[in-house]
Structure formats: C-alpha cells, structure tokens
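Scroll down for the structure; my scribbles are underneath it.
The values are calculated or read from the model by the stated rules, or taken from the named source; none is laboratory data. Computed from a predicted model, the values in this text were never measured in an experiment. Cβ atoms come from the backbone with ideal geometry, glycine included; neighbour counts cover every protein chain shown.
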DNA sequence: TCAATTTTTATACGACTCGTCATTTTTTGA
DNA sequence: TCAAAAAATGACGAGTCGTATAAAAATTGA
C-alpha cells in the first residue's frame with residue numbers, strides 16, 4: 001500500500017505547481033498585482049481549481065512564506081552547528097541569513113507583504129500556526145547560540161537576556177536587508193558593502209557585550225571567506241535546488 | 001497682494017483635508033483596503049475632485065509619508081542639537097525615533113507600503129524627489145553625529161565610515177520597530193521592553209566601537225528619563241499638534 | 001461493455017476597485 | 001444681467017476577487 005495514492009500525488013504536485021507559478025508572478029509584479037486569474041492561466045488550470053488549493057490569495061502568500069522560512073531554517077540549522085566557537089556560530093548565523101536571501105532576494109518582499117494589510121487575519125488557522133512555528137524555531141535556534149555562550153562563560157550575563165539579544169540582532173539583519181531592498185541609494189551614501197557592514201557592526205556589538213574572544217577584522221575576513229566559499233556552499237546548492245524542485249520538473 | 005488668493009487657500013485646505021481623511025482610512029484598513037471612493041465620501045467631495053489633487057492612490061500615500069518624515073526630521077533635529085556629549089546625541093537620536101513613532105505607531109505601515117509593490121514607480125517625480133530628499137536629510141543628520149564624534153576623537157576611526165554606521169543603526173531601529181509592529185509575540189519570547197532593549201544594544205555597539213566615554217546602565221537610565229520626560233516633551237507636543245492641525249480645524 | 005454516481009474542472013457572475021471623461025454646476029468678468 | 005471659463009460630479013470601462021452553477025471526466029458496479 002503506497003503512502004499516497006496516485007490521485008493524492010497528483011494533487012500535491014499541482015499544489016506545488018500553483019505555488020511555483022504564484023511565486024514567479026509575485027516576484028515579477030508584487031502581491032497586489034498578482035492575479036489569481038493569471039496564476040490559473042499560467043498554470044493551465046481553471047480558477048476554480050486554484051481556489052480548491054488556496055481559499056484566498058493571502059493563503060497562497062503565506063504558504064510561499066512558509067516555504068521561504070523553511071529554507072532559512074534549513075541553512076540556520078547548518079549555521080548553528082558550525083564547528084567553531086559560539087561567537088563564530090553567531091556570525092555564521094548572520095551570514096546564513098545573508099546568503100539565504102541572496103539566493104532569491106525577491107523573497108524578502110513576500111515576508112513584508114505577509115505582515116501588512118491584515119494578510120495574516122485572512123489565512124487559514126493552520127497556515128498561521130505553521131508560520132508562527134517556523135518563526136519560533138528560527139528565533140529559538142538563534143537564542144540557543146546566545147544561551148550556550150552565556151552558559152559556557154564566553155558571553156557575560158548582563159542587562160539583556162538571550163531573547164532580547166535575538167531581537168536586537170534580528171532587527172539589525174532584517175532592517176538591514178529591507179533597507180537594501182528599498183531603492184534608497186546606499187552606495188551613493190557611502191555604504192559600499194552593506195552585508196559586510198552589518199557583520200562588522202555585529203562584531204562590534206559582541207565586543208561591546210564583552211563576548212570573548214574579541215574580534216579582529218582579519219579573523220572576520222577569514223571566517224567570512226570560509227563560510228561563503230566552503231562551509232555553506234553545499235547547503236546553498238540544496239537551497240537553490242529546493243527552490244526550483246518544488247515544481248518537480250522532469 | 002496676498003501670497004495666496006482665496007481660491008488657492010481653499011484648494012490647499014482641501015488638499016489637507018483629503019490627506020487627513022486618507023491617513024485615517026489608511027490607519028483603519030491598510031493601503032490595499034483604502035478606497036478612493038471612501039475618501040471622497042468621507043471628505044464629502046466627489047472622486048473626480050480627489051483625483052485633481054492626487055493623480056493616483058499611490059500619490060496620496062507618498063504625500064502622507066512625506067508628512068510623516070517631516071515629523072521625524074523635526075524631532076531628529078532636536079536630538080542632533082541635544083546639549084551633551086556626541087554619544088548622548090546619538091542615543092537621543094534613537095530615542096527621538098522611538099518617541100516619534102509612539103505618537104502614531106500606525107504611521108510605520110505607511111512607510112512600509114510605500115516601499116513595496118512598485119508604489120514609488122507610480123508617484124509624481126516631484127513627490128519622489130521630495131521623499132528622497134527627506135530621507136537624505138535624516139540620514140545626513142545622523143551621519144553628522146557620527147562624523148562629529150570621529151572628528152573630536154570620541155569615536156576612533158575604524159573599519160566603518162559614518163554612512164556605514166548610520167546604515168547599521170538605522171537598520172536596527174527600523175527593523176526593531178517593524179518586528180514590534182508585526183504580531184509576533186515578543187513579550188512571550190522574553191522581550192519585555194523592546195525599545196529599551198535596542199538602546200542597551202546600541203550602547204553595547206558604541207562600546208564595541210570604542211566610543212568614549214563608555215556607558216553604564218545607570219547613566220543610560222538617567223539619560224532616557226531626562227529625554228523622555230523633559231527634553232523632548234515640547235517637541236512631541238508640537239508633533240502631536242502638527243499631526244492634527246493638518247486638517248486645519250476651527 | 002456501458003449506464004449511474006461521484007468527483008473534478010470550467011466559467012459566468014456579483015460585488016468591488018481604480019482612474020477617466022462627458023456633463024452639469026459654479027465662478028468669473030464685462 | 002449673462003456669456004465664457006473653470007471646477008465638480010458621477011456614470012462608465014476595465015480589471016480583480018471569490019462564488020456558485022454547469023459541464024466534463026473519472027469511477028463504480030453489473
């Protein structure tokens with residue numbers, strides 16, 4: 001007895017197809033301009049069929065976001081198990097975030113859409129729960145790095161607890177990526193490499209928190225090089241493949 | 001000869017009325033749900049008249065954003081002239097940002113809407129120019145604090161230039177406020193006072209950058225108290241008034 | 001094999017929105 | 001007062017979402 005019948009497999013495949021088409025159209029035109037009729041046409045199914053899979057446009061969006069966050073969680077887990085100091089793990093986590101977004105920068109828009117205009121109030125309860133769960137997992141993954149560093153004494157316990165530190169780092173990463181996605185001319189301002197800027201600033205913050213050992217620019221450069229060209233390459237390749245294979249082409 | 005004729009004054013007043021009505025409806029329902037028919041009805045004018053003032057919905061949004069940023073610039077200038085150390089000025093700048101948003105938290109949504117869905121590509125060129133100019137002014141205001149601190153030796157010149165430091169701080173403030181505006185349960189996570197968390201983290205970052213004198217939690221508390229209950233009170237009152245007086249009631 | 005039943009797909013439709021433009025109303029100036 | 005100019009109006013076309021009904025296809029059972 002197969003785990004899924006032929007019919008069920010077909011339905012699941014269609015679901016993936018719709019998501020993939022939706023993702024592409026969303027990237028091209030934005031959420032507001034995304035039309036369900038267009039998705040139907042492009043996927044070569046009727047609108048009624050689409051609405052059997054997603055009871056509203058917002059539901060489609062949140063499912064795309066969940067996919068998106070699964071990718072982030074995947075590479076975040078890789079970062080959290082980096083074989084090095086706790087400090088290196090935290091930097092790896094930030095870099096993971098950077099690299100993940102670099103795979104498909106337009107995904108960032110999805111995460112913005114989903115948080116405005118009452119989108120979350122329209123989606124299915126189960127989808128919202130899954131979304132929140134993904135969020136919580138990523139947060140706790142990051143928090144565990146801080147907590148471990150405190151437990152082993154690398155990071156002295158100060159004013160802020162692990163959750164607060166996560167909030168701060170997350171703010172900086174997320175805000176930094178949003179600002180880059182906006183059309184504000186950062187380069188003209190004098191910010192030539194925003195990702196590297198955030199890493200340096202994060203290192204400064206960790207120094208300020210008295211996280212030992214302190215950082216040097218040379219060490220940071222070496223770590224970044226290693227992470228970007230070696231440690232994460234396989235995970236990134238999987239991520240890229242995962243992105244496209246949701247269509248289950250071929 | 002009056003600077004403006006009666007007619008011109010009437011038109012300007014109507015313009016303000018439309019913006020005010022638009023702002024309220026935007027706050028209530030979000031940008032996508034904001035209907036120009038509704039604005040027309042609420043303002044007791046016809047839609048055609050509205051469209052004489054704003055050639056599209058997006059144009060209305062960006063004008064609201066410009067108003068919004070004028071408020072931020074106003075209180076930011078107050079922060080940048082805080083009579084204290086450069087370091088205190090920078091903290092004042094962050095607090096100004098916090099207090100400004102506290103006056104009308106829903107304004108943050110506007111600043112998000114305007115940066116997605118190709119809104120900026122639909123607005124009048126002059127509006128976009130004004131928007132960018134406001135942005136640039138706020139950025140350079142913040143950059144000047146960093147630059148002054150470097151010039152006088154309080155902040156050693158390191159890896160990052162003033163613009164890059166602004167980018168980092170701005171990322172943290174903006175990202176932090178967005179995360180708060182989302183419905184993610186920060187309090188449950190363990191972040192009881194996000195604003196204070198960011199200030200502490202900013203202080204840690206400045207410590208890490210070797211900005212002298214170093215901070216202590218007690219000094220920070222005292223500074224915050226002074227800023228929130230004394231230094232900014234008048235500016236905030238003006239901001240609140242400005243918010244409502246755009247309608248030019250009475 | 002073939003009719004009855006169930007499931008799946010397609011599409012016409014109502015309700016709503018944006019932005020336009022011909023028509024109506026108001027204002028201006030002789 | 002009254003004609004010309006300016007401004008305000010709202011019906012309209014085009015396009016969207018989500019639904020509900022009709023058509024088609026697949027499955028069943030004899």
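Whether any residue in region B:39-54 is modelled with pLDDT of 95 or more and on the phi > 0 side of the Ramachandran plot is what I want to check.
The answer is yes; a qualifying residue exists.
Given the criterion within 14 Å of chain B (Cβ to nearest Cβ) and closer than 16 Å to residue A:58 by Cα, identify the matching residue among A:110, A:134.
That would be A:110, the only listed residue that is within 14 Å of chain B (Cβ to nearest Cβ) and closer than 16 Å to residue A:58 by Cα.
Would it be correct to say that residue A:116 is crowded, with 19+ Cβ neighbours inside 10 Å, closer than 30 Å to residue B:147 by Cα and in contact with a helix residue (DSSP H, G or I) (Cβ under 8 Å, 6 or more places away or on another chain)?
When the stated conditions are applied, residue A:116 does not pass them.
Restricting to region B:197-217, what's the tally of residues that are in a helix (DSSP H, G or I), over 18 Å from the mean Cα position of the chain (by Cα) and modelled with pLDDT of 95 or more? So that I can check it myself, show each step before the final result.
Our first condition is that a residue be in a helix (DSSP H, G or I); within region B:197-217, this holds for B:197-208, B:217.
So of that shortlist, the ones also over 18 Å from the mean Cα position of the chain (by Cα) come out as B:197, B:200-208, B:217.
Keeping just the survivors that are modelled with pLDDT of 95 or more gives B:197, B:200-208.
Total meeting the criteria: 10.
Looking at region B:148-161, which of the residues that are in contact with a helix residue (DSSP H, G or I) (Cβ under 7 Å, 6 or more places away or on another chain) and within 12 Å of chain A (Cβ to nearest Cβ) is farthest from residue B:80 (Cα to Cα)?
Result: B:159.
Assuming residue B:96 fulfils every condition listed in (1) surrounded by 14 or more Cβ atoms within 10 Å (Cβ to Cβ); (2) within 16 Å of DNA strand D (Cβ to nearest atom) apart from one, which condition is it?
With respect to (1) surrounded by 14 or more Cβ atoms within 10 Å (Cβ to Cβ); (2) within 16 Å of DNA strand D (Cβ to nearest atom), residue B:96 is out only on (2).
Does at least one position in region B:56-64 carry a residue that is closer than 16 Å to residue B:166 by Cα and away from DNA strand D (no atom under 16 Å from the Cβ)?
Taking region B:56-64 first, the residues closer than 16 Å to residue B:166 by Cα are none.
Within region B:56-64 (the criterion being closer than 16 Å to residue B:166 by Cα and away from DNA strand D (no atom under 16 Å from the Cβ)), the answer is no, since none of the residues qualifies.
Could we say that residue B:24 is more than 14 Å from the chain's Cα centre (by Cα), more than 15 Å from DNA strand D (Cβ to nearest atom), farther than 30 Å from residue B:213 by Cβ and not assigned by TED's automatic domain parsing to the domain that holds residue B:152 here?
Working: more than 14 Å from the chain's Cα centre (by Cα): yes; more than 15 Å from DNA strand D (Cβ to nearest atom): yes; farther than 30 Å from residue B:213 by Cβ: yes; not assigned by TED's automatic domain parsing to the domain that holds residue B:152: yes.
For residue B:24, the condition - more than 14 Å from the chain's Cα centre (by Cα), more than 15 Å from DNA strand D (Cβ to nearest atom), farther than 30 Å from residue B:213 by Cβ and not assigned by TED's automatic domain parsing to the domain that holds residue B:152 - is met.
Which one of A:198, A:186 is surrounded by 19 or more Cβ atoms within 10 Å (Cβ to Cβ), under 21 Å from residue B:129 (Cβ atoms) and facing chain B (nearest Cβ under 7 Å)?
A:186
From the residues in region A:113-131 that are within 11 Å of chain B (Cβ to nearest Cβ), touching a residue at least 24 places away in the same chain (Cβ under 8 Å) and not in a loop (DSSP other than H, G, I, E, B), which one is nearest to residue A:193 (Cα to Cα)?
By that ranking, first place goes to A:113.
As an exercise: evaluate residue B:87 against (1) within 18 Å of the chain's Cα centre (by Cα); (2) more than 24 Å from residue A:30 (Cα to Cα) and give the number of the one condition it does not meet.
(1)
For every residue, the table says whether it meets (1) surrounded by 20 or more Cβ atoms within 10 Å (Cβ to Cβ); (2) in a helix (DSSP H, G or I).
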residue	(1), (2)
A:37	no, yes
A:42	no, yes
A:45	no, no
A:48	no, yes
A:51	no, yes
A:59	no, yes
A:69	yes, yes
A:72	yes, yes
A:77	no, yes
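Among the listed residues B:59, B:77, identify the single one that is over 11 Å from the mean Cα position of the chain (by Cα) and more than 16 Å from DNA strand C (Cβ to nearest atom). Show your work before the answer.
Numbers: B:59 fails: more than 16 Å from DNA strand C (Cβ to nearest atom).
Of the residues listed, the single one that is over 11 Å from the mean Cα position of the chain (by Cα) and more than 16 Å from DNA strand C (Cβ to nearest atom) is B:77.
What residue, of B:92, B:96, B:149, B:102, is free of Cβ contacts under 8 Å to residues at least 12 places away in the same chain and within 21 Å of residue B:224 (Cβ to Cβ)?
Answer to the selection: B:102.
Does residue A:32 qualify as being within 13 Å of DNA strand C (Cβ to nearest atom), under 30 Å from residue A:98 (Cβ atoms), surrounded by 13 or more Cβ atoms within 10 Å (Cβ to Cβ) and at pLDDT 90 or above? Let's see the steps before the verdict.
Details: within 13 Å of DNA strand C (Cβ to nearest atom): yes; under 30 Å from residue A:98 (Cβ atoms): yes; surrounded by 13 or more Cβ atoms within 10 Å (Cβ to Cβ): yes; at pLDDT 90 or above: yes.
Yes: the conditions hold for residue A:32.
Identify, please: which residue in region B:201-238 is facing chain A (nearest Cβ under 8 Å) and in contact (Cβ under 8 Å) with a residue 60 or more places away in the chain and is, among those, farthest from residue B:173 (Cα to Cα)? Break it down stepwise before answering.
Our first condition is that a residue be facing chain A (nearest Cβ under 8 Å); within region B:201-238, this holds for B:201, B:203-209, B:217.
Filter again for in contact (Cβ under 8 Å) with a residue 60 or more places away in the chain, leaving B:203, B:206.
Details: B:203: 13, B:206: 15 Å.
Ranking the qualifying residues of region B:201-238, first place goes to B:206.
List, please: which pairs have Cβ atoms under 7 Å, are six or more places apart or on different chains, and start with a residue in region A:6-31 that is within 14 Å of chain B (Cβ to nearest Cβ) and end with one that is within 11 Å of DNA strand D (Cβ to nearest atom)?
Short answer, once both residue conditions are applied: A:25/A:34; A:25/A:38; A:25/A:39; A:26/A:34; A:31/A:61.
Examine region A:159-179 for a residue that is part of a helix (DSSP H, G or I) and either surrounded by fewer than 17 Cβ atoms within 10 Å (Cβ to Cβ) or at pLDDT below 95 (or both), and state whether such a residue exists. Full working, then the answer.
Initially, region A:159-179 is screened for residues part of a helix (DSSP H, G or I), giving A:162-179.
Imposing the further condition that a residue be either surrounded by fewer than 17 Cβ atoms within 10 Å (Cβ to Cβ) or at pLDDT below 95 (or both) reduces the set to none.
Scanning region A:159-179, I find no residue that is part of a helix (DSSP H, G or I) and either surrounded by fewer than 17 Cβ atoms within 10 Å (Cβ to Cβ) or at pLDDT below 95 (or both), so the answer is no.
Is it true that residue B:145 is within 12 Å of chain A (Cβ to nearest Cβ), at pLDDT 95 or above and away from DNA strand C (no atom under 16 Å from the Cβ)?
no
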